[in-house]
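Presented below is the structure to which this report refers.
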Amino acid sequence: MEPDVPDGREGPIVFGGEEFTEDEFHQKYQQLVGGVSQYVRQNRKSTNTQLFAFLVLLNKYVPDSYLLMSECQKILGPPDPIHGGPPFEERMEPFTVFINTSSLNPEDRCMIHQVFAQAGLDLLADLGISKSVTVKKFMFSLCGDNPQPHIIQFIKDLLTKREMGEKGRKKFSQLIEDIFEEKQLHEALSVLETASNKFRQNPIFPQTISRLFYIKRGIDGYKNAEEWANKAIKQAPKNSYVADTLGQVYKNRLREAWQLKDISDMARDAIKAFHDVEKKADKEEGPEMKDTAGTLSISDCFNNRGLFGFIQVAKIVYDKLNRAEPHLSQSFIQSFKNEVEDKFEFFEWYLTYSQPSMTTIEPSFFWKDVALCYQHYTTKTAAESTSSPGLLDCLNHGLFTSKGRRACFEEAEKTASDLEAIRDHLKTTYEANVGHVQACERYILSNIILSNKMPTSPQLTPVRELQAIIHGFLGTEVGRRSPEFYLLALMLFWPEEQPEEDDEKEEQPATEDDGSDDKTWEDEDMDGEEEPAQPSPELMFDPDLEQQVTYMKKAFERAKYAKYLRGRYLLPLFFLGKGSGLSKWIHKSKLDAIVERKVDAELADKNEKRMKEKWKQINKMWITGEVWRVPEIQDILLPVQVEPGHSPTMPQEHEEQEVFVCAGGKKITATVAGEPEAPVLSPVFFYLGFTIQGPVIFKVGLNESEQ
């Protein structure tokens, strides 16, 4: 048995207060292991063996965990050194050299050197001291009437903390998984039941037991799983995550059902449970409300499991009935269809506007189940959607990073003619419903999307015409429109950057009829035609963009996007580019495509490992800001000038840092992307983007001219 010493370790190895070369270290290690092994064989029940086992278990599964010296003395028993007993180091022989007491307060806590945690566990296992027995003894030793908070947290982490694996979050903690691997299912149950009895007010232990029963025990375990899930709900009746466990029990039982009555009963129970999850999740508030009177439950993120659980149940029911009882599937389709459409609309904007964090995304099955369920019940595909989120997502089609590709769909890139057809269809729809604001939004957005694909398309509507359309809605329902509406208003009326001219040209005013002040690329095909010297009076509008930003933020709250997207990373949808008119707005997909090509050029192997590495490299470029240093991206994005805003200093918790973007002589509020830090201004420069919440600036780094 060898310690897990990292390869390529530089310098001497410090162990037991001494420095060793790697060879000397391994020699010393073998001598120590031999002595420990012999001691444990002869002293299996001694208190110092027990304490050594506790420390090894803790530091293997909860890195940086520790025990206070008073807790160590409690396990060792009398006599305590303060009453004339031998010192701690003497009582812990022959384990002392494995124990690290070096910390800010060396006398207050001790732990096992991390390098020996796994080796120590293996040694104890070889001598017949199991992990399950050790953790139960640990709880009995230190979890009396008033256990210390750090002990409670360590036990919770040991038994319930689920790490991320290649296919998403693991079902159980690593300790429970390891006990499973030793084919000790009954021992895993025993450990969790002990914790549930010790911590009767904590629902996470019965919740985990329920999951263990329905996953590991299959059909035979569903009754027990249901009982434990209900026990957890009684302990936390307002918690949506706890309530979700019961829905998962019924959903997994539904997978095993094949008789029509069983399918119907399990589907009904599962949907009822997931509706309960949805209701409880809707009542939960974000952490900023934790001190607000009347707040019942706090959750950092909105729990989407109730909505997604319904989608999964509807999909399972469809698949089962379509295979076994196709003549009955239509009645189920009719009863589920409207709710499936509602849930699809939710997840369409939810996944278009956000992702779990800047570094993570939903697992591939998430969008796959949503899209397939929607197709089953409506016969329409997600890729055909022309809603605002659907339009915003359509330029992602075909990219490595698209949610369709991640879901393993055959997803073709949208061509310019595809987008022209969409734009023409939405124009027809708008013209038949000129008073319908959503028809207006989709028609305008389809032009911006088409412009990103083909800036010279003859199908594009001139900017001034689009401005006139949306301006007609600005005077009604003032401040009460959707976030999507204000996004388009800000983009359409964002000031054009004035081109730099030499002195001679500046002294020559434009002639009365050359139209140069107003001319944009949309007008190029009109050369030779007569244009009025100035736009007609009804087109001479200049909305207050700062006010539109305020309206957009309020709309973000009013539409409940703030509630449902809290704790998630808001994706930038567009960036300000160097073009003019519609072409100055660059869809994020264009940047993603550039990043993908760059990463592809750096990765040679065409295998599965390359695919994982590709994800890693793409994420790294965005996280580190390397994306802003790619010449292709610098060529298309336009740096903006920024001044201190409403919160130039470090904002408080849950408060966003704000600055002013200077554009066309105006100052428009924008939030600062990423973690707040000060100072936020020079000598850096910035790019401007838009999320569904409003303008956001990205700090790029030192300007090349200032480096």
| query | Quick one: Cα centre-to-centre distance for the stretch 301-328 and the stretch 413-442, in angstrom? | reply | 32 Å
| query | Taking amide hydrogens as modeled 1.01 Å from N in the peptide plane, which residues meet the under 5 Å criterion relative to Gly701, leaving out close sequence neighbours? | reply | Phe685
| remark: Averaged per residue, the 1.4 Å probe accessible area of the stretch 151-281, protein heavy atoms only, in Å², is roughly 49 Å²
| task | Tell me which residues come under 5 Å, amide H to amide H, from Arg109 once H is placed; ignore anything under 5 positions away on its chain. | result | Met69
| message | Order 631-640, 444-453 from most to least packed using the mean count of other Cβ atoms within 10 Å. | response | 444-453, 631-640
| request: Output the pairs from Lys231/Lys279; Lys614/Lys699; Lys251/Lys337 with a Cα-Cα distance over 21 Å in this structure; if there are none, say none. | output: Lys614/Lys699
| note | Between Val630 and Asp23, the FRET efficiency computed from the C-beta separation at R0 = 56 Å comes out, to the nearest 0.05, as 0.75
| Which net charge results for the neighbourhood of Tyr222, defined as the other residues with beta-carbon distances under 9 angstrom from its beta-carbon, given Lys and Arg at +1 and Asp and Glu at -1? | 0
| Among all the lysines, which ones have a C-alpha under 27 Å from Lys612's C-alpha, if same-chain residues fewer than 8 places away are not counted? | Lys161, Lys167, Lys170, Lys171, Lys368, Lys403, Lys414, Lys588, Lys590, Lys598, Lys620
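The values are calculated or read from the model by the stated rules, or taken from the named source; none is laboratory data. Worth saying up front: this structure is predicted, and the values here are computed from it rather than measured. So basically every Cβ, Gly included, is an ideal-geometry build from the backbone, and we count neighbours across all protein chains shown. These accessible areas exclude ligands, DNA and RNA; they are computed on the full protein's heavy atoms, side chains included. Shrake-Rupley method; radii C 1.70, N 1.55, O 1.52, S 1.80 Å.
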